[in-house]
2 protein chains.
Amino acid sequence: MSEGQERTPPRLFVDAPLGAGDEAVLSAEQGHYLRNVLRRVEGDPVILFNGRDGEWRGRIAALGKSRAAAAVETQTRKQAAEPDLWLLFAPIKRGPVDLVAEKATELGVAALVPVITRRTVVGGVNTERLRAIAMESAEQCHRLNVPVVHEARPLTQVLDAWPAGRRLLLCDETGQGRPITQVLAGLDPAAREAPWAVLIGPEGGFDPAELDAIKKRTIVTPVTLGRRLLRAETAAMAALACWQAQVGDWT
Amino acid sequence: MSEGQERTPPRLFVDAPLGAGDEAVLSAEQGHYLRNVLRRVEGDPVILFNGRDGEWRGRIAALGKSRAAAAVETQTRKQAAEPDLWLLFAPIKRGPVDLVAEKATELGVAALVPVITRRTVVGGVNTERLRAIAMESAEQCHRLNVPVVHEARPLTQVLDAWPAGRRLLLCDETGQGRPITQVLAGLDPAAREAPWAVLIGPEGGFDPAELDAIKKRTIVTPVTLGRRLLRAETAAMAALACWQAQVGDWT
């Protein structure tokens with residue numbers, strides 16, 4: 001890190017309410033990070049956000065081994081809504097799934113939804129680890145909130161309990177969908193305003209009967225991401241970037 | 001890996017010319033991988049490509065400790081051109097730069113061009129390692145060629161020797177550019193047909209004077225990727241995906 005970057009106040013997500021004069025308790029990990037990694041001391045500036053009260057400037061008020069806290073001073077940004085975009089993904093191996101959590105946070109998803117498909121090979125999802133990764137990524141990318149990480153559930157169960165009005169962009173690796181840009185550019189105003197989700201299948205693809213059943217749901221729009229075989233995490237990042245660029249808040 | 005995936009013939013990039021009846025010598029790494037990782041034996045099928053002669057089906061003809069080779073049988077795909085898209089990126093740390101090489105290959109770049117900027121912090125780029133990563137990624141994503149990995153050079157030198165007609169999409173993290181979709185959707189037919197490059201700055205951004213000088217070049221179109229602060233590798237993947245979706249071969 002350059003000298004200039006070292007002096008940037010660290011950006012921290014907290015649970016506490018944020019208002020001028022408040023004291024925000026920091027987690028043990030945050031205290032350790034400030035003290036032992038960044039070598040900060042009491043009085044040093046920090047930036048705080050909690051997903052509700054915007055972004056605030058403050059100072060380290062306590063940095064002991066048993067307790068760390070910040071004094072909240074002035075608001076630097078008002079709370080603003082992030083696009084309402086979910087990512088549904090079949091559990092994949094640890095490295096790629098960590099990457100998905102980090103990058104999907106940077107790419108502005110509101111929720112990470114692990115879904116078990118028929119061909120899902122990887123057993124469980126450590127949602128606690130994904131939450132920690134999403135939080136760290138949100139701190140770094142200057143988001144004002146942290147994506148919600150759902151517990152893993154079977155895909156059919158998630159789709160059966162689907163919220164009314166939310167659309168689903170299905171990345172269909174069989175190449176049967178229309179090109180993603182054509183689909184997104186052709187959305188009518190109501191569809192552009194709707195909440196969305198992106199669904200990425202497991203490594204090796206969906207079971208064909210399962211894929212057919214997904215496509216029959218009226219909320220689903222299948223798209224293709226070209227003829228190269230993208231890994232699941234690459235397809236996720238590509239589809240999220242295209243959605244943000246064409247429908248979301250990059251427009 | 002599921003049983004179905006295990007039986008898929010491995011896909012291998014070779015240097016040798018490929019034609020029916022030819023024998024293609026495999027590298028020591030490929031021999032080791034076939035023998036010790038995939039547990040294949042002589043006679044097992046493989047898929048071969050060399051970036052020139054299309055894709056061929058063949059069989060393992062030799063799989064000894066000192067020599068591995070494949071007998072080339074029948075062509076499965078004719079050689080086809082990939083989009084002529086370069087990625088210029090400032091060297092970043094090992095993990096992220098490896099990710100860039102792997103994902104940019106999946107996202108169909110023709111060349112990876114490491115460029116030294118004024119604020120480039122990371123010293124060197126191990127181009128041999130990036131070549132190996134790009135080759136493995138090309139094998140996995142069913143490309144018919146492998147991206148060329150250039151040696152690192154100063155950005156000004158690369159831009160001074162810029163090939164006539166190639167356009168450059170600058171990811172401007174200061175937010176001064178127009179939204180990427182607006183820029184790409186507004187290209188005239190000549191610009192859509194032109195060869196392109198994407199330029200991603202170093203962690204922490206370009207030096208302001210350097211950024212101004214880049215923007216003055218007529219080949220350059222600055223774009224913005226929204227208001228969240230993307231890491232360099234995330235910006236690279238997002239911009240490549242948007243370009244492929246709107247201008248490249250996902251259309």
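Calculated on the alpha-carbon coordinates, the convex hull of the stretch B:85-246 measures out at 108 cubic angstrom per residue.
Oblate is the label for the stretch A:3-77, because the ratio a/c of its alpha-carbon gyration tensor axes (a ≥ b ≥ c) is 1.5 or higher and a/b is not greater than b/c.
When Lys and Arg each count +1 and Asp and Glu each count -1, what net charge do the other residues less than 10 Å away from residue B:232, Cβ to Cβ, add up to? Charge balance in the 10 Å sphere: -1. Taking every residue in B:181-191 and counting other chain Cβ atoms within 10 Å of its Cβ, the average works out to 2. Once C-alpha pairs closer than 8 Å and six or more residues apart are averaged by separation and normalised to the residue number of the stretch B:86-172, the relative contact order reads 33 percent.
With the convex hull drawn over the C-alpha atoms of the protein assembly as shown, the volume per residue is 167 Å³. Across peptide B:138-148, the average count of Cβ atoms from other chains found within 10 Å of a residue's Cβ is 2.
Packing, as the average of other Cβ atoms within 10 Å across residues, places the peptides B:19-27, B:76-84 in the order B:19-27, B:76-84, highest first. Per-residue Karplus couplings for the stretch B:178-188, computed as 6.51 cos²θ - 1.76 cosθ + 1.60 with θ equal to phi - 60°, are listed in order as 7, x, 4, 5, 4, 5, 5, 5, x, 5, 7 Hz, Gly and Pro entered as x. Peptide packing for B:92-102, A:215-225, B:159-169 was compared via the average number of neighbouring C-beta atoms within 10 Å per residue; ordered from the highest value, the list is B:92-102, A:215-225, B:159-169. Based on the Stokes-Einstein relation at 20 °C and a viscosity of 1.002 mPa s, and on the Kirkwood radius from alpha carbon pairs, the stretch A:200-251 is assigned a translational diffusion coefficient of 172 µm²/s. Each residue, residue B:251 and residue B:131, gets one label point 7 Å from its Cα in the Cβ direction; the gap between the two is 3.4 nm. Each residue of the stretch A:211-220 is assigned a 3J(HN,Hα), and the resulting list reads 4, 4, 5, 4, 5, 6, 6, 5, 6, 8 Hz, derived from the Karplus form 6.51 cos²θ - 1.76 cosθ + 1.60 (θ = phi - 60°), x at Gly and Pro. Across peptide A:228-238, the average count of Cβ atoms from other chains found within 10 Å of a residue's Cβ is 6. Per-residue ellipticity at 222 nm from helix content only, as computed over chain B with -39500 (n - 2.57) for each DSSP H run of at least four residues, stands at -8500 deg cm²/dmol. In this structure, the residue pairs whose Cα-Cα separation is over 32 Å, taken from B:103/B:215; B:78/B:216; A:78/B:103; A:103/B:65; A:78/A:215, are B:78/B:216; A:78/B:103; A:103/B:65; A:78/A:215. Measuring r between the beta carbons of residue A:93 and residue A:52 and using R0 = 22 Å, the FRET efficiency lands at 0.05. When Rg and the Kirkwood radius Rh are both evaluated on Cα atoms of the stretch A:10-164, their ratio Rg/Rh stands at 1.04.
What translational diffusion coefficient, in µm²/s and rounded to a whole number, does the Stokes-Einstein relation yield for the stretch A:171-239 at 25 °C and a viscosity of 0.890 mPa s, taking the hydrodynamic radius as the Kirkwood radius over Cα pairs? It diffuses with D of about 192 µm²/s by this estimate. Within the shell defined by Cβ-Cβ distances under 10 Å, the residues around residue A:13 carry a net charge of -1, with Lys and Arg each +1 and Asp and Glu each -1. Label-point spacing at residue B:78 relative to the other copies reads 6.0 nm, in ascending order, each point sitting 7 Å out from Cα along Cα→Cβ. For the stretch B:37-54, the Karplus equation 6.51 cos²θ - 1.76 cosθ + 1.60, evaluated at θ = phi - 60°, returns couplings of 9, 8, 6, 8, 10, 4, x, 5, x, 9, 10, 10, 8, 9, x, 10, 10, x Hz by residue, with Gly and Pro reported as x. With both labels modelled 7 Å from their Cα along Cα-to-Cβ, the residue B:16 to residue A:118 distance reads 4.0 nm. Computed from the Kirkwood radius of its Cα pairs, the Stokes-Einstein diffusion coefficient for the stretch A:161-207 at 25 °C and 0.890 mPa s stands at 202 µm²/s.
Any read-out appearing in this document is the output of simple, stated calculations on the displayed coordinates, not a laboratory observation. Every value quoted in this text rests on a predicted model; they were computed, and no experiment measured them. All Cβ positions, even for glycine, are placed from backbone atoms using ideal geometry, and neighbour counts span all protein chains on display.
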